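K.L.:
Sharing a structure with you now.
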Amino acid sequence: MCDYIERKLKCGHYKHIVLAWCANYRRTEIKCPPNVVHWEHWSDRNCGDCQPPIKLAPAWESMINRNKTSFSL
Ligand SMILES: [Zn+2]
Ligand SMILES: [Zn+2]
């Protein structure tokens with residue numbers, strides 16, 4: 001089995017990062033069940049899918065300004 005890191009992110013998603021492919025995978029290229037050898041909890045990072053947009057498109061700016069009063073920081 002291949003060794004993986006299981007990373008829990010702020011958004012609640014999990015990422016599996018392969019540490020090492022086993023000999024079986026290298027030979028057959030068929031994925032085997034992940035063998036998680038290390039767990040991480042990133043409480044300050046979202047996954048790539050949940051990353052807030054870095055740059056707002058102009059079309060969104062007016063909407064955000066209109067809703068500004070509903071945000072509490
Ligand atoms: Zn494997
Ligand atoms: Zn996410």
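K.L.:
When you go through (1) modelled with pLDDT of 75 or more; (2) in a loop (DSSP other than H, G, I, E, B) one by one for LEU19, which number turns out not to apply?
P.N.:
Result: LEU19 fails condition (2) only.
K.L.:
May I pose another question? What number of residues in segment 1-20 are within 12 Å of the chain's Cα centre (by Cα) and either within 16 Å of ligand 1 (Cβ to nearest atom) or in contact (Cβ under 8 Å) with a residue 60 or more places away in the chain (or both)? Full working, then the answer.
P.N.:
Restricting attention to segment 1-20, the residues satisfying the condition of being within 12 Å of the chain's Cα centre (by Cα) are 6-17.
In the following step, the residues that additionally are either within 16 Å of ligand 1 (Cβ to nearest atom) or in contact (Cβ under 8 Å) with a residue 60 or more places away in the chain (or both) were identified as 6, 16-17.
Going through segment 1-20 one residue at a time, the tally reaches 3.
K.L.:
A further question follows. Of the residues in segment 24-47, how many are open to solvent by 60 Å² or more (accessible area, probe 1.4 Å) and out of contact with any strand residue (DSSP E or B) (no Cβ under 7 Å at 6 or more places or on another chain)? Outline the logic, then answer.
P.N.:
Going residue by residue through segment 24-47, those that are open to solvent by 60 Å² or more (accessible area, probe 1.4 Å) are 24, 26-31, 33-34, 37-39, 41-45.
Narrowing further to those that are out of contact with any strand residue (DSSP E or B) (no Cβ under 7 Å at 6 or more places or on another chain): 24, 26-31, 33, 43-44.
Looking only at that region, the number is 10.
K.L.:
Taking the residues in segment 21-54 that are hydrophobic (A, V, I, L, M, F, W, C) and touching a Phe, Trp or Tyr at 6+ places or on another chain (Cβ under 9 Å) as candidates, determine which candidate is nearest to ligand 1 (Cβ to nearest atom). So that I can check it myself, show each step before the final result.
P.N.:
Taking segment 21-54 first, the residues hydrophobic (A, V, I, L, M, F, W, C) are 21-23, 30, 32, 36-37, 39, 42, 47, 50, 54.
This time we only want the ones that are touching a Phe, Trp or Tyr at 6+ places or on another chain (Cβ under 9 Å), so: 32, 36-37, 47.
Working: CYS32: 4, VAL36: 12, VAL37: 12, CYS47: 23 Å.
Per the stated criteria, the residue is CYS32.
The values are calculated or read from the model by the stated rules, or taken from the named source; none is laboratory data. All of these numbers come straight from a predicted model, not from anything done at the bench. Positions of Cβ are backbone-derived with ideal geometry, glycine not excepted, and every protein chain shown enters the neighbour counts. Note: areas computed on protein heavy atoms with side chains; ligands, DNA, RNA excluded. Shrake-Rupley method; radii C 1.70, N 1.55, O 1.52, S 1.80 Å.
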